[in-house]
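Below is one structure, written out as structure tokens; comments come after it.
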Amino acid sequence: MNEEDEDRFESAESLLARKFEYALQLKNAIRRLHGCESEYAGREEVMETFQDETVWNGYVEIFNISGHQQATRCHAWSWAGEAHKGEPFMVVLELPPVDSPEAAVKAAIMQEIRSAREERKRRDALNSQTISTDDPTEESES
């Protein structure tokens with residue numbers, strides 16, 4: 001084996017190790033978030049667009065799960081959404097209407113939008129309470 005072949009072998013080996021570690025991290029997230037054991041079943045590339053703009057593009061890992069009362073599969077991937085408060089992985093159970101990796105991504109995006117709207121409403125409500133209690137036009141009785 002020459003040096004070039006050795007480098008190629010090491011690159012393939014490190015890539016395989018990273019993929020294995022990623023799958024383990026997703027399995028741990030599935031266990032932590034849904035209390036289920038899982039078995040890797042494959043992956044699918046998903047690109048979600050809205051009004052001709054790509055809103056998400058990546059690989060969704062598919063797992064068969066055991067220990068859940070209704071779901072037998074789930075979809076998982078790395079996630080950088082703000083609504084997840086530091087949770088680096090998204091795990092979506094395959095329950096209606098979610099029946100594919102594409103549907104899982106759509107459901108996650110819709111949940112992200114709902115969460116952002118709720119957070120905005122909560123902040124707006126807090127801000128309006130602060131404004132009404134700090135109203136300088138109200139006279140205080142001495």
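The values are calculated or read from the model by the stated rules, or taken from the named source; none is laboratory data. Being a predicted model, the structure only gives us computed values, none of them experimental. Virtual Cβ from ideal backbone geometry, glycine too; neighbours counted across all protein chains shown.
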* **Search result, residues across the stretch 85-142 that are at pLDDT 95 or above and assigned to a helix (DSSP H, G or I)** => Pro101, Glu102, Ala103, Ala104, Val105, Lys106, Ala107
* **Neighbours by Cβ (under 9 Å, 6+ apart or cross-chain): first from the stretch 1-29, over 21 Å from Val92 (Cβ atoms) and of a type outside the set (D, E, K, R); second assigned to a helix (DSSP H, G or I) and at pLDDT below 70** => Met1/Phe9
* Of everything in the stretch 32-70 that's without any contact (Cβ under 8 Å) to a residue 12 or more places away in the chain and either in a loop (DSSP other than H, G, I, E, B) or in contact with a Gly (Cβ under 9 Å, 6 or more places away or on another chain) (or both), which residue is surrounded by the most Cβ atoms within 10 Å (Cβ to Cβ)? -> Met47
* (1) at pLDDT 95 or above; (2) of a type in the set (A, V, I, L, M); (3) in contact with a helix residue (DSSP H, G or I) (Cβ under 8 Å, 6 or more places away or on another chain): which one isn't true of Val55, the others all being true? -> (1)
